[in-house]
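Every read-out reported here was derived from the displayed coordinates using simple, explicitly stated rules and does not represent laboratory data. This structure is a prediction, so every number in the text was calculated from the model and none was measured. Cβ atoms come from the backbone with ideal geometry, glycine included; neighbour counts cover every protein chain shown.
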Amino acid sequence: MEVATRTTVNRLKRIEGQVRGVTRMLEEDRYCIDILRQIQAVKAALRKVESEVLKQHTGHCVEHAIKSGSAKEQREKFAELIDLFEQIRK
């Protein structure tokens, strides 16, 4: 596993722990604002992971499509990114 992927997996494991923590907070009937702050932290961490995966995708998959010289493969990768950004905007 390459370093960037290992780092991303480790981040996801930390996020998993944060989500379990939010669950415990709810079960313990903790103060709502504290719970909401933790949820915001989880969302921020997920956005960071999303950004890293997008960087990995463009640095590997998109770069590969460009280097391949295949117009079809390049269009496919570009279309995937457009679809992704359209989903994000919804």
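Just a few scattered comments:
- If you take all other residues with their beta carbon under 12 Å from the beta carbon of Val62, and give Lys and Arg +1 and Asp and Glu -1, the sum is 0.
- Pairs of alpha carbons in segment 7-47 whose separation is greater than 17 Å (percent): 27
- Around Gly17: net Lys/Arg minus Asp/Glu count, Cβ-Cβ under 13 Å: +4
- Estimated 222 nm signal from helices in the chain, with DSSP H stretches of n ≥ 4 weighted -39500 (n - 2.57), rounded to 500: -29000 deg cm²/dmol
- Using alpha-carbon coordinates, inclination of helix 71-89 to the longest axis of the chain, degrees: 20
- Label-point separation in nm, Lys90 to Ile39, each point 7 Å along Cα→Cβ: 2.2
- The mean sequence distance of close C-alpha pairs (under 8 Å, at least 6 residues apart), as a share of the length of the chain, puts its relative contact order at 26 percent.
- Dipole in debye (nearest 20) - the chain, about Cα centre, beta carbon charges: Lys, Arg +1; Asp, Glu -1: 180
- Exceeding the 27 Å Cα-Cα cut-off - candidates Lys55/Lys90; Lys67/Lys90; Lys43/Lys72; Lys48/Lys77: Lys67/Lys90; Lys43/Lys72
- Counted by Cβ distance under 14 Å from Arg37, the other residues give a net charge of +1, where Lys and Arg count +1 and Asp and Glu count -1.
- Within the set [x] 1.46; [y] 1.10; [z] 1.00, the number that Cα Rg over 2.2 N^0.38 Å takes when calculated for this structure is listed as [x].
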